[in-house]
Amino acid sequence: MKRYKSLLSLKWVAALLLVVGFVSCADEEIISGKTDVIEGIETEINLAFTSATPSVQTRGALDVKQEYKVYNLYVFVFDKAGRKEYGHLFELNATNSDDQFFDVHEKENSGDATTSGKIKMKISSGEKRIYAVANVPAGDSHASLLNDLEGIDDIEGLENNVVISTKIVDRPNDRLVMSGWVKNSLQSGTDPEGYCVINPSGTNNISTIKLVRVDARVTFNISLDKQSDRTNIIEKSFTPLKFIVKNVPTKAYLYGKADNELVSDCEYFSSNNGEFANFETKDENGVSSFTFYMMENKQSTTGLADYDQREKEKKKPLNDGYEYAPATATLVEMTGSYYEKYTDRDGSIKERHADVKYTVHLGYVKGDANDFRCQRNTTYIYNVYVQTVDKIRLEVTSYNDGQGTTQEEQPGAEGDIIETDKFYQFDSHFDHTMVVFKKSDIEGRAGFRVKTPFDDGYYFIEDESGMVPANARPVSEAKDYKWVKFIRHEKNRTNRRYYYKTDSYANHVPSKAITIDELLKELHTTNETVGASSVYDTKGQAVYTMYIDEFYYPCDPRNGYYGERDGNGNLTAQAKAKEGTDFWKQFVNQPNREVHILCNTQFSEDRESSLTTSAVMVSQRSIKTFYNEKAGSDLKTAWGLETVNETGKIDKPDSNPWSTSNSAKNGLWNFFQQSNNFRTSSWSNYISYSVKEDKNGIHDYMSTSLNKKDKLLYACLQRNRDDNGNGRIDADEVKWYPAAIDQYTDIWVGRAALPIETYLYSNEIPTSQGYRRYLSSDGKELYAEEGSSIGSFGFVYANSIWSTNDKIEKKYDYRCLRNLGRKTNKPSSAEDKSQHYVTQNGNTLTLTYMKSESLRSGDNYMKSEITSHDESSNLNRPYTAFEFRTELVYKDRNDEKWSWKEINTLINNNPTDSPCAKFNRGLGADEPKWRLPNQRELSLMTSNYGSWSGQSYVQSRTGSSLPVKRKDNNGYSGGYADNKPFVTLATNEFKGPVRCVRDVK
């Protein structure tokens, strides 16, 4: 981050925890020494193994049992010279008498001993070297490993074997490749790895192979550091946005080599196909996290003395790599938004906002600035604390080397910083607020800065000579600033003094609204007379209602038309001619658009950072959607949602207010049906212009005269606007509407493509208050804490909770949606809606138009049963396409059913016992396999298909992450009740068959 005369550099706080895998156990030996070595006698031995992996468990990582699990073990026996004598793949659950796994103890929880077991094998006696490789072939990568091992003839071939990974940083098929060799206390310092002596006597003790993972596991946690050495900070917040992992190697040696020995011709890739992904989880302490796995990347350099050198970029040419870091060292980039309110030196209250990017190269263990390594069989935890916008501190701690602390500035932090007198944050829908400009703040400020998907510039009002500051452009060049408009309030006269009215907003009358450049000219008026005609009142203030348009562009503003409307509120002919059918793809999921009014801007030399000081800053979130905005031209329409509910929860209705026919998929249709198409309705019946006191940031413009039953119906109306100012609710003015139940389910299915702020439920909600209920426009209830569980109207479960716990808030949440790409807002029928992101073909569902962040794709398909997981896991994502079987599978011939716990315990103990396994006969090793569905797949099936032969409960593979549910080993079931789809968090009482699914490549 660059320095400015008026601002210190942007900084951040990070802490790194490193855990290296280890096992402590007493080795039992095969023989007691090298004397009297007898060669060539066939001997049966017992060989033990342990899965030596780190014990720290984090969200996003594999389940404890699966991360430690040994499914098979390929054992090599070489003679002392290194020639292969024996090679065999032992299968954990095989019935073959040659595969003698026994005494297996699996690690179930973080505090348990590591997974261990024994195998029986017959080999010849004598001096040997014994090696083993676990989990061959791996489920999600290294598919050719078995063939490679079969072709190895000597130790050199084994040690030089290269494992090749697919280009993904999660492990959906859970089989982590491990390698190791025999270790015993009798080995001398000169004995080679794996050396032992096999005694041909009748009794043989056991030597141990200690397995280590080829992968490293890396977790990043980022949160706001609530402590600060700046006493003038009143309030601050930090919102993590996206991350990407760069320079991830595709190759590593099966057995580790010396430091810095890299695989030649290794290819490096970036996570998520080179796209930034959203943070995965947020806990009750406000910590946002993501976890990934990667091959080791052991790199280092020399000559670095301080941490700040690690992230220093080359500036000539601009930002062309790093000055000192190795070119292919693995790094993580994270973006976020920082805000603080503080007291300035003159006592005035000001606000600061910064969009930042943090870059962190992996390594820096033990405070070594030259260390860029990420080593196999190691768990790294990076705790990143954002302290202030202008200060960082780097704390580094490791479990195996004690604690150490250093304090450095961080050049890996870049961003645009804004210091403003007043900061206004809006969501993506229409909004308004009251703004007060002081005449004393106007002098010397005549510019504004715009930053949108279509404009990024600093513009200035020309003076009488036509001059514009050197670092600004004339307003005539601005393309996208008309989304903010102002209407001046009226004044009251009291004892020859004039004061602006501030108890009500100025009504939206398009003819009275002025744009920012017109506002600046008005504020710079030379009229000093105090009176009705003056811009300023007796206090020297000018009061306006600031109207913010929705973050929606009917046409490209760069073509000269923002979306101008005529006197009736309709698009002008010129603007309509420029309207694009799928132009929405260019403005959804974008960073906040901003305007800084009465400002000055300075840029750093490399233009990666800027400093803007302004009187007023307006920041508006874009419409968010899980639809893939990069899809082809066949995707014309979609729908999106607001980021948060700014207007607060609503009271529980006393009875069902939805008496008309409703759609589970079309919330806008429900809206018009229930409102009787707003016949003769006026905006004033539902929306009030009175200024209400904001409580906890809630902006509620609904009329207080509305009944409980009306509030959901009209809650989203306040996201809309009387565009033409005629006072009537015209059909085309209703753009934002409450979600239908399947649309809530869709938000859950696509959640990974949405920022954490947008989540319907976040783990930051305290456990005791952890119930979050959403009302849909078709009279259903979403249990957001369970992902996509659905309840019918009546709120039976919720009411039972409320009746026994007075501490739980008895209100409902909701979320408002907006159709994208549709020129006509009012639907003609329930089927008149935006395109579905799912394409159906028989029993196959293809998520054609969903963003890749929400999916598994490419090589990330399931080659076996999904490992046990909860609803927050990456494993609870659908593949790009999947199919399901029509027939249901029962426990026995009498159609007996399983509980969720029964069927999942069966599969956990032995995946080949899955009732879906019988359908895999004849399928190739690399083909997707039949298995139990996960919860999201279950949700997609129930919302997209009709009745499943009357079966109420079909079990899934997904368990619950909620502490109160997890202790009972509860998981998700779904199906149809009374021919209506549902998903629920089942108990043992909810029994059902299995409907098998598999990914479709």
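The values are calculated or read from the model by the stated rules, or taken from the named source; none is laboratory data. All of these numbers come straight from a predicted model, not from anything done at the bench. Cβ placement follows ideal geometry from the backbone for every residue including glycine, while neighbour counts extend to all protein chains displayed.
Side notes on the structure shown:
- Identity of the residue in the range 470-500, in a loop (DSSP other than H, G, I, E, B) and exposed (fewer than 14 other Cβ atoms within 10 Å of the Cβ), that ends up modelled with the lowest pLDDT: 470
Let's see how each residue does on (1) crowded, with 21+ Cβ neighbours inside 10 Å; (2) at pLDDT 85 or above:
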{"residue": "607", "(1), (2)": "no, no"}
{"residue": "614", "(1), (2)": "yes, no"}
{"residue": "618", "(1), (2)": "yes, yes"}
{"residue": "624", "(1), (2)": "yes, yes"}
{"residue": "627", "(1), (2)": "yes, yes"}
{"residue": "641", "(1), (2)": "yes, yes"}
{"residue": "659", "(1), (2)": "no, no"}
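- None of 939, 952 is at pLDDT below 90 and either part of a loop (DSSP other than H, G, I, E, B) or more than 23 Å from residue 91 (Cβ to Cβ) (or both) except 952.
- Residue in the range 321-328 that is hydroxyl-bearing (Ser, Thr, Tyr), part of a loop (DSSP other than H, G, I, E, B) and in contact with a helix residue (DSSP H, G or I) (Cβ under 7 Å, 6 or more places away or on another chain) present: yes
- Search result, residues across the range 424-454 that are in contact with a Phe, Trp or Tyr (Cβ under 7 Å, 6 or more places away or on another chain), among the hydrophobic types (A, V, I, L, M, F, W, C) and within 26 Å of residue 693 (Cα to Cα): 434, 435
- Qualifying residue in the range 959-971 (condition: of a type outside the set (Lys, Arg), assigned to a strand (DSSP E or B) and modelled with pLDDT of 75 or more): yes
- When the range 146-161 is filtered for residues that are in contact with a Pro (Cβ under 7 Å, 6 or more places away or on another chain) and either of a type in the set (Gly, Ala, Ser) or within 21 Å of residue 264 (Cβ to Cβ) (or both), nothing remains.
- Looking only at residues in the range 53-80 that are more than 22 Å from the chain's Cα centre (by Cα) and part of a loop (DSSP other than H, G, I, E, B), the one that is modelled with the lowest pLDDT is 55.
- Scope the range 514-551; condition surrounded by 20 or more Cβ atoms within 10 Å (Cβ to Cβ), at pLDDT below 95 and part of a loop (DSSP other than H, G, I, E, B); matching residues: 536, 537
- Scanning the range 236-290 for residues that are outside any strand (DSSP E or B) and in contact with a helix residue (DSSP H, G or I) (Cβ under 6 Å, 6 or more places away or on another chain) yields a total of 2.
- Top-ranked residue in the range 346-368 [being aliphatic (A, V, I, L, M) and closer than 21 Å to residue 258 by Cβ; ranked as farthest from the chain's Cα centre (by Cα)]: 365
- For the range 867-889, the set of residues classified as among the hydrophobic types (A, V, I, L, M, F, W, C) and part of a loop (DSSP other than H, G, I, E, B) consists of 875, 888, listed by residue number.
- Any chance residue 314 is among the basic types (Lys, Arg), buried (at least 20 other Cβ atoms within 10 Å of the Cβ) and more than 27 Å from residue 63 (Cβ to Cβ): no
- Test: residue in the range 885-899 that is free of Cβ contacts under 8 Å to residues at least 24 places away in the same chain and either closer than 30 Å to residue 274 by Cβ or of a type in the set (Phe, Trp, Tyr) (or both): no
- Residues within the range 245-270 that are under 13 Å from residue 215 (Cβ atoms) and touching an Asp or Glu at 6+ places or on another chain (Cβ under 6 Å), tallied: 2
- Taken over the range 716-750, the criterion of being in a helix (DSSP H, G or I) and more than 20 Å from residue 790 (Cβ to Cβ) is satisfied by 716, 717, 718, 719, 731, 732, 733.
- Unmet criterion (only one of (1) of a type outside the set (A, V, I, L, M); (2) in contact with a helix residue (DSSP H, G or I) (Cβ under 6 Å, 6 or more places away or on another chain); (3) modelled with pLDDT of 90 or more) for residue 810: (3)
- Qualifying position, being modelled with pLDDT of 90 or more, on the phi > 0 side of the Ramachandran plot and not β-branched (Val, Ile, Thr), among 779, 750, 787: 787
- Residues within the range 410-449 that are in contact with an Asp or Glu (Cβ under 6 Å, 6 or more places away or on another chain) and modelled with pLDDT of 75 or more, tallied: 6
- Restricting the range 553-563 to residues that are in a loop (DSSP other than H, G, I, E, B) and touching a strand residue (DSSP E or B) at 6+ places or on another chain (Cβ under 7 Å) leaves a set whose member that is modelled with the highest pLDDT is 554.
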